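The values are calculated or read from the model by the stated rules, or taken from the named source; none is laboratory data. Bear in mind the structure is a predicted one, so any value in this text is a computation, not a measurement. All Cβ positions, even for glycine, are placed from backbone atoms using ideal geometry, and neighbour counts span all protein chains on display. Note: accessible area is taken over every heavy atom of the protein model, side chains too, but ligands, DNA and RNA are not part of it. Shrake-Rupley method; radii C 1.70, N 1.55, O 1.52, S 1.80 Å.
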Amino acid sequence: MSGRVYRLHSTLELPLEDVLDYFENNPELPPEVEDVDITRRNNTLIIKAVSADDNLSKYTPTAQLKASVTENRVYEEEPPRAGAPNWGREEEEEIPSELVEFACFKGDLETVLQNTALQYPMFLVLREVALRSEKGTLTAITEDDGDLHATRIVEGERRAASVEVVENPQQNGSSDTGINWRDNKFIS
């Protein structure tokens with residue numbers, strides 16, 4: 001399998017427990033990835049590809065997914081809004097909640113999917129993780145066997161996406177709203 005990842009942007013958030021369960025249940029990985037090593041360093045989760053190819057040097061860094069780990073309070077029901085009237089409530093009830101650790105795959109290509117060896121197969125792994133996410137989006141432009149593909153996953157659902165190739169990107173109307181720095185009378 002060949003492939004490249006050209007652009008990637010992710011705002012995915014999943015409970016850390018769901019991510020770990022996904023990998024513990026032996027998911028079907030791309031053929032180039034024999035297994036993954038999962039490491040947690042403080043508030044960073046690193047999911048590193050283990051190559052199935054023995055010809056890949058042990059000193060070659062393989063692709064890895066990187067997520068920050070944060071704690072969020074999750075309520076069993078919607079908490080009351082701040083400033084909302086308390087009519088009919090004599091005493092303040094505490095809404096049951098718990099602290100849950102979330103893996104946050106947030107950022108662009110170099111932040112979320114690092115290193116180039118096995119980068120496309122690890123993108124496929126990230127795409128499967130994104131399909132299990134209830135919060136956030138994953139957008140990407142990839143190449144597989146010479147064809148460009150657009151990927152867009154919003155809150156765990158695939159959405160329509162396309163790649164548009166234009167001759168001059170400034171022709172989309174964005175150049176009218178910008179500043180012409182060359183003819184600016186304040187900069188001489």
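Values as computed for the structure displayed
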item: Candidate set: the stretch 147-188, residues that are of a type in the set (D, E, K, R) and modelled with pLDDT under 75; chosen: the one farthest from Phe123 (Cα to Cα); result: Lys185
item: Any hit, the stretch 156-166, residues being without any contact (Cβ under 8 Å) to a residue 60 or more places away in the chain, surrounded by 11 or more Cβ atoms within 10 Å (Cβ to Cβ) and touching a Phe, Trp or Tyr at 6+ places or on another chain (Cβ under 6 Å); result: no
item: Residue list for the stretch 102-148, restricted to those being surrounded by 15 or more Cβ atoms within 10 Å (Cβ to Cβ) and among the small types (Gly, Ala, Ser); result: Ala103, Gly107, Ala117, Ala130, Ser133, Gly136, Ala140
item: Residues of the stretch 16-28 classified as open to solvent by 40 Å² or more (accessible area, probe 1.4 Å) and either in contact (Cβ under 8 Å) with a residue 40 or more places away in the chain or of a type in the set (S, T, N, Q) (or both), total; result: 4
item: Test: Thr44 is at pLDDT below 90, open to solvent by less than 70 Å² (accessible area, probe 1.4 Å) and of a type in the set (Val, Ile, Thr); result: no
item: Any hit, the stretch 129-139, residues being without any contact (Cβ under 8 Å) to a residue 40 or more places away in the chain, farther than 12 Å from Tyr6 by Cβ and either part of a loop (DSSP other than H, G, I, E, B) or of a type in the set (A, V, I, L, M, F, W, C) (or both); result: yes
item: Selection count, the stretch 37-52, where residues are touching a residue at least 60 places away in the same chain (Cβ under 8 Å) and either over 20 Å from Thr142 (Cβ atoms) or in contact with a Pro (Cβ under 9 Å, 6 or more places away or on another chain) (or both); result: 1
item: Count - residues of the stretch 78-98 that are open to solvent by 90 Å² or more (accessible area, probe 1.4 Å) and at pLDDT 75 or above; result: 1
item: Every residue from the stretch 47-65 that is among the small types (Gly, Ala, Ser) and surrounded by 12 or more Cβ atoms within 10 Å (Cβ to Cβ); result: Ala49, Ser51, Ala52, Ala63
